[in-house]
């Protein structure tokens, strides 16, 4: 059973595509003249839907039945129940592939990269991820300290990720930084960096895998402390979230 079969029941409500992210994604994809795109770890298909509405044909690949059930149907989207390390698509069958905050869930990321490179050939592979070297300076870790170890163990550093991709795909990797807006509509783990109150919402936390790994006592204590600081207008919290 996929993790998101357990925690992802309200995923479509909180993990909506963000227009700034989709704008950057389309900007990166456009020069390639891609027609068919594989969305690996598509979740509930929020970004697949945007691509389909822009005229792309999309293979939305997602192993969680809970996630697939929440997806909006579109004639240009074909849903595939599969894991990234064993893609049931022919060699060179897509013009590009995207992985939107899903790479850290791949059990065998090297095999997944080989599979993605196999189906995309010389096409672009766009990977949206988080730099784990930033986590220790994120104010949220003062409330939930175990996030540091969890993120550092789960996400590859950017240099390591570049090395792995270049070794398997034999192409140069271009890193595009994406400064996070303070009003994200895609509620991933950093969504509340400037809106701390969002982390008090259980629906938002349930769409963030890192929160599923926090021990119950740490979670409850962290939420209580965060609530207290928000109620009292804690200066340190306010300054860090600006």
- Message: Quick check on this structure: which one of 125, 135 is buried (at least 17 other Cβ atoms within 10 Å of the Cβ), within 21 Å of residue 105 (Cβ to Cβ) and touching a strand residue (DSSP E or B) at 6+ places or on another chain (Cβ under 8 Å)?
- Response: 125
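State yes or no: is residue 214 within 24 Å of residue 11 (Cβ to Cβ) and at pLDDT below 95?
Working: within 24 Å of residue 11 (Cβ to Cβ): yes; at pLDDT below 95: no.
Here the answer is no, as residue 214 does not meet what is asked.
Check whether at least one residue in region 21-37 is out of contact with any strand residue (DSSP E or B) (no Cβ under 8 Å at 6 or more places or on another chain), without any contact (Cβ under 8 Å) to a residue 60 or more places away in the chain and not in a helix (DSSP H, G or I), and report yes or no.
Step one: of region 21-37, the residues out of contact with any strand residue (DSSP E or B) (no Cβ under 8 Å at 6 or more places or on another chain) are 22-24, 26-27, 30-31, 33.
Subsequent filtering for residues that are without any contact (Cβ under 8 Å) to a residue 60 or more places away in the chain retains 22-23, 26-27, 30-31.
Imposing the further condition that a residue be not in a helix (DSSP H, G or I) reduces the set to none.
No: zero hits.
With 212, 194 as the choices, which residue is more than 17 Å from the chain's Cα centre (by Cα) and either surrounded by 12 or more Cβ atoms within 10 Å (Cβ to Cβ) or in contact (Cβ under 8 Å) with a residue 40 or more places away in the chain (or both)? Let's see the steps before the verdict.
On the way: 212 fails: more than 17 Å from the chain's Cα centre (by Cα).
The match here is 194.
So which residues in region 44-58 are in contact with a strand residue (DSSP E or B) (Cβ under 8 Å, 6 or more places away or on another chain) and not in a strand (DSSP E or B)?
Passing the criteria: 44, 45, 46, 47, 48, 49, 51, 52, 56.
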- What is the number of the single condition among (1) farther than 22 Å from residue 206 by Cβ; (2) in a helix (DSSP H, G or I); (3) at pLDDT 95 or above that residue 85 does not meet? (2)
- Message: Out of 116, 99, I need the residue that is under 20 Å from residue 187 (Cα atoms) and in contact (Cβ under 8 Å) with a residue 40 or more places away in the chain. Which one?
- Response: 99
- Looking at (1) more than 17 Å from residue 101 (Cα to Cα); (2) free of Cβ contacts under 8 Å to residues at least 24 places away in the same chain, find the lone condition where residue 152 falls short. (1)
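Out of 179, 88, which single residue is under 22 Å from residue 39 (Cβ atoms), out of contact with any helix residue (DSSP H, G or I) (no Cβ under 9 Å at 6 or more places or on another chain) and surrounded by fewer than 20 Cβ atoms within 10 Å (Cβ to Cβ)? Quick ask: steps written out before the conclusion?
Working: 179 fails: under 22 Å from residue 39 (Cβ atoms).
Answer to the check: 88.
Among the residues of region 12-41, how many are modelled with pLDDT under 75 and either exposed (fewer than 15 other Cβ atoms within 10 Å of the Cβ) or farther than 18 Å from residue 59 by Cβ (or both)? Write out each step before concluding.
Within region 12-41, the subset modelled with pLDDT under 75 is 12, 31-34.
Subset that is either exposed (fewer than 15 other Cβ atoms within 10 Å of the Cβ) or farther than 18 Å from residue 59 by Cβ (or both): 12, 31-33.
Here the count works out to 4.
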- Message: Is it the case, given these coordinates, that residue 218 is part of a helix (DSSP H, G or I) and touching a residue at least 40 places away in the same chain (Cβ under 8 Å)?
- Response: yes
- How many residues does region 140-152 contain that are more than 20 Å from the chain's Cα centre (by Cα) and within 21 Å of residue 177 (Cα to Cα)? 0
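Quick grid of which residues meet (1) more than 16 Å from residue 37 (Cβ to Cβ); (2) within 15 Å of the chain's Cα centre (by Cα):
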{"residue": "54", "(1), (2)": "no, no"}
{"residue": "59", "(1), (2)": "no, no"}
{"residue": "67", "(1), (2)": "yes, yes"}
{"residue": "72", "(1), (2)": "yes, no"}
{"residue": "79", "(1), (2)": "no, no"}
{"residue": "100", "(1), (2)": "no, yes"}
{"residue": "106", "(1), (2)": "yes, yes"}
- Query: What are the pairs, 6+ residues apart or on separate chains, where a residue within region 128-145 that is in contact (Cβ under 8 Å) with a residue 24 or more places away in the chain has its Cβ under 6 Å from a residue that is surrounded by 16 or more Cβ atoms within 10 Å (Cβ to Cβ) and part of a loop (DSSP other than H, G, I, E, B)?
  - Reply: 128/101; 130/155; 132/155; 144/214
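The values are calculated or read from the model by the stated rules, or taken from the named source; none is laboratory data. Note that the structure is predicted; figures quoted are calculated from it, not measured. Note that we place each Cβ from the backbone using ideal geometry, even for glycine, and neighbour counts take in every protein chain shown.
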